[in-house]
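Inspection log for the structure reproduced underneath, given as structure tokens.
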Amino acid sequence: MTKKNKPEIEVKDLTIGYGKNVVLENLNFQVESGEIFCILGGSGCGKSTLLKHIIGLYAPLYGDILIKGNSIVNADEQRRRKIMREFGVTYQGGALFSSMTVAENIALPLEEYTNLSEEEIEKTVEEKLHMVDLDGFGDYMPSELSGGMSKRAGLARALALDPKLLFFDEPSAGLDPITSAELDRLLLRLRDTFGATIVVVTHELDSVFAIANRVIMLDKQTKSIMAEGSPVLLRDTSPNEKVRAFLNRDGLKSDVAEELRITEVP
Amino acid sequence: MKPKTEQQLRAISRHFRPLLQDGTRPVEFIGRIAAEVPDLLRHGMRGRDFRYYLDLCGVQALPIVLLICLLMGMVMAINGQIQLSKFGQELLVADAVGLVVVKELGPLMVALVMTGWAGSAFAAEIGTMKLDEQICALETMGIRPESFLVFPKLSAMLLSMPLLTIFGNVAGILGGMLVGITIMKITPVAYWTRTLEAINITTFVLGVLKSFPFAILVTFAGCFCGFNAANNSQGVGRGATKAVVSSIFLIVVADVIITVLYSFIGY
Ligand SMILES: Nc1ncnc2c1ncn2[C@@H]1O[C@H](COP(=O)(O)OP(=O)(O)O)[C@@H](O)[C@H]1O
Ligand SMILES: [Mg+2]
């Protein structure tokens with residue numbers, strides 16, 4: 001990849017974990033501006049943990065993370081909040097504020113950070129709801145939505161301020177295939193029309209091949225990056241058998257089979 | 001010899017260090033919230049949240065507060081009557097009930113009821129929000145979760161607790177009066193005049209003033225235990241329990257301190 005402009009995200013010698021329990025160590029990678037970057041790996045290997053460190057929620061044990069050249073690790077609280085405000089983030093369960101309606105959830109960042117009038121906010125909220133195919137659900141409470149709908153509502157909230165940098169934690173898990181394909185189309189549109197940079201944690205191979213410019217695969221055993229590059233290239237030419245298996249059609253199945261073998265053989 | 005003593009000392013200090021850290025965390029929590037007050041004064045807070053908590057902590061809590069204070073007033077009057085009738089001074093029941101309710105029992109009972117009613121709810125609510133990543137979501141929006149979640153609760157409590165205490169005081173006195181009228185056959189007018197003679201406005205106001213620190217303690221204990229709850233369902237449950245127990249403890253300690261302070265100025 002030609003290095004025309006500065007990478008959007010730079011991860012340098014990053015070691016992360018909880019307390020003394022190291023989850024991933026010595027990670028080095030970059031996310032280029034305007035690409036869709038997928039983080040892959042078996043469950044429990046630390047994908048969500050990595051994401052939460054990149055967005056500055058947790059402090060790493062070692063190493064540095066630069067967002068557009070600014071360290072989010074060493075920034076003081078004020079600055080870190082300012083960097084965070086530039087993101088859109090969705091969480092695995094949607095993380096909608098349970099005391100507010102869906103529309104109020106989406107309106108919250110607009111009320112906090114813009115001077116839009118009430119009508120303008122209302123219009124933006126409807127626009128975002130339409131983007132994620134939730135027209136007419138603005139007045140619902142989060143508890144009245146299904147899992148997939150909460151996720152999409154969370155996505156709409158993340159898009160409220162039209163961020164150029166987006167982080168999604170398993171956005172399509174638990175969605176039906178049609179909605180999932182629509183979500184992929186939405187992500188592509190965000191990248192191609194708005195020039196957004198998108199980091200996605202995902203399990204869905206179909207969607208990885210459909211949208212990802214580049215992927216990294218995390219390995220639980222070595223606590224490091226197993227492979228990095230274009231998903232198609234990795235599937236066809238990776239020297240690592242595990243990587244090829246994961247990215248092949250029955251990759252997930254063999255992954256499960258392997259996990260079972262590990263638990264059976266002492 | 002010497003290395004061994006040192007080792008033992010180190011072992012002991014290891015056990016105390018977490019306790020010390022536990023002690024600094026609430027201070028840090030209060031500090032973070034206090035640092036946000038200027039910002040709050042400039043921007044205000046979400047009116048909807050404030051109204052919600054005002055309804056929860058004020059309006060909805062009123063019936064149970066009234067009932068408990070009324071019953072406590074009655075209990076005290078009955079006990080007082082048993083003792084005071086030995087000296088033929090039954091009318092003094094009005095003094096006793098009035099003074100105890102206004103100085104101590106009213107503010108204290110309201111604080112304890114609110115601990116169970118609001119403090120535990122705050123802890124469970126914030127604990128659950130942490131559990132399903134709502135707190136993370138606030139942070140990544142650049143909103144400080146501490147102040148965003150604490151201020152509406154705190155202001156609603158600061159407004160409703162004194163009012164509840166006033167209502168509770170009146171209910172307690174009415175409870176005493178009920179016993180006075182039915183059991184001791186004192187006329188309502190006589191009981192009422194006696195009560196007014198016993199308590200003056202300063203006593204009443206000083207009693208109600210106690211509910212401000214109590215409101216702060218209940219809210220902070222509830223919110224703090226919610227923010228520090230472990231990230232699972234049991235953790236949220238334990239957080240709510242801790243909120244109740246620690247805020248009862250804090251209320252009693254604060255009550256002792258306030259009572260000593262009041263005694264210096266002669267009340
Ligand atoms: N809040 C936490 N405290 C301690 N350990 C955690 C916490 N969250 C996750 N972990 C541990 O970190 C590891 C990675 O978790 P996670 O990042 O959620 O995995 P993934 O998202 O890849 O499924 C797991 O072993 C998990 O037990
Ligand atoms: Mg995860």
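Assorted remarks:
- Per-selection metrics, chain B (Cα): Rg and Dmax in Å: 22.7, 80
- Links that overshoot a 30 Å alpha carbon limit, given the list A:Lys20/A:Lys128; A:Lys47/B:Lys242; A:Lys47/A:Lys164; A:Lys12/A:Lys123; A:Lys68/A:Lys128; A:Lys223/B:Lys4: A:Lys20/A:Lys128; A:Lys47/B:Lys242; A:Lys12/A:Lys123; A:Lys223/B:Lys4
- List A:His53, A:His130, B:His43, ordered by accessible area with a 1.4 Å probe, largest first: B:His43, A:His130, A:His53
- Residues of type aspartates and glutamates that A:Lys220 reaches as a straight line, Cα spacing below 20 Å, ignoring anything fewer than 8 places off in the same chain: A:Asp13, A:Glu25, A:Asp169, A:Glu170, A:Glu204, A:Glu228, A:Glu241, A:Asp250, A:Asp255, A:Glu258, A:Glu259, A:Glu264
- Assigned charges on the beta-carbon of Lys, Arg, Asp, Glu; the protein assembly as shown dipole about Cα centre (debye): 1840
- Region A:96-163 - charge dipole about Cα centre, Lys and Arg +1 at Cβ, Asp and Glu -1, debye rounded to 20: 420
- Taking both sides together, the accessible area buried where A meets B is about 2000 Å² for a 1.4 Å probe.
- Of every Cα-Cα pair in region A:96-163, the percent that sits beyond 13 Å: 56
- Per atom type, region A:14-58 shows carbon and sulfur on 44% of its accessible surface, probed at 1.4 Å.
- Using the Cβ-Cβ distance between B:Ile181 and B:Arg48 with R0 set to 51 Å, the FRET efficiency works out to roughly 0.70.
- P(r) weight above 33 Å for chain A, C-alpha pairs, percent: 21
- Extension reserve of the B:Ala11-B:Ile64 stretch, reckoned as 0.36 nm per residue once the Cα distance is removed: 14.1 nm
- Residue-normalised accessible area of the protein assembly as shown, given per residue in Å² at a 1.4 Å probe: 50
- Beta bridges from DSSP with both residues in the protein assembly as shown: antiparallel share about 55 percent, rounded to the nearest 5.
- In summary, the aspartates and glutamates within cross-link reach of B:Lys153, defined as a Cα separation below 16 angstrom excluding same-chain residues under 8 places away, comprise B:Glu36, B:Asp49, B:Asp55, B:Glu125.
- Taking each DSSP H run with n ≥ 4 as -39500 (n - 2.57) and averaging over every residue of chain A yields -12000 deg cm²/dmol at 222 nm.
- Largest to smallest accessible area among A:Val232, B:Val59 [probe 1.4 Å]: B:Val59, A:Val232
- The aspartates and glutamates whose alpha-carbon is closer than 13 Å to the alpha-carbon of B:Lys210, local same-chain residues fewer than 8 away aside, are B:Glu104, B:Asp255.
- Surface accessible to a 1.4 Å probe, A:Phe137 within the full protein complex, Å²: 60
- For region B:45-264, the carbon plus sulfur part of the accessible surface works out to 74%, probe radius 1.4 Å.
- For A:Thr114 and A:Lys12, the FRET efficiency from 1/(1 + (r/R0)^6), where r spans their Cβ atoms and R0 equals 35 Å, is about 0.55.
- DSSP H segments from chain B that extend 27 Å or more along their own axis, Cα-based, with Kyte-Doolittle mean of 1.6 or above: B:62-84
- Estimated inter-spin distance, B:Lys4 and A:Arg85, nm [label 7 Å along Cα→Cβ]: 6.3
- Largest first, the residues B:Glu104, B:Glu146, A:Glu126 sort by 1.4 Å accessible area into A:Glu126, B:Glu104, B:Glu146.
- Computed FRET value (nearest 0.05) for A:Ile178 with B:Leu163, which takes r as the C-beta separation and R₀ as 51 Å: 0.40
- The residues of region A:74-108 occluded by other protein chains by 40 Å² or more of accessible area, set against the chain on its own, are A:Glu77, A:Arg81, A:Met84, A:Tyr91, A:Ala95, A:Phe97, A:Met100, A:Glu104, A:Leu108; surface from heavy atoms, 1.4 Å probe.
- Calculated over the protein assembly as shown: convex hull of Cα atoms, volume per residue (Å³): 245
- Distance between the modelled labels on A:Phe194 and B:Leu91, one decimal in nanometres: 7.9 nm (7 Å Cα→Cβ projection).
- Placing dummy labels 7 Å off each Cα toward the beta-carbon, the span from B:Val256 to A:Thr237 is 7.6 nm.
The values are calculated or read from the model by the stated rules, or taken from the named source; none is laboratory data. Because the structure is predicted, anything quoted here is derived from the model rather than measured. A quick note on method: Cβ atoms are made from the backbone with ideal geometry, for glycine too, and the neighbour counts reach across all protein chains shown. Just so you know, the surface numbers come from the protein's heavy atoms only, side chains and all, with ligands and any DNA or RNA stripped out. Shrake-Rupley method; radii C 1.70, N 1.55, O 1.52, S 1.80 Å.
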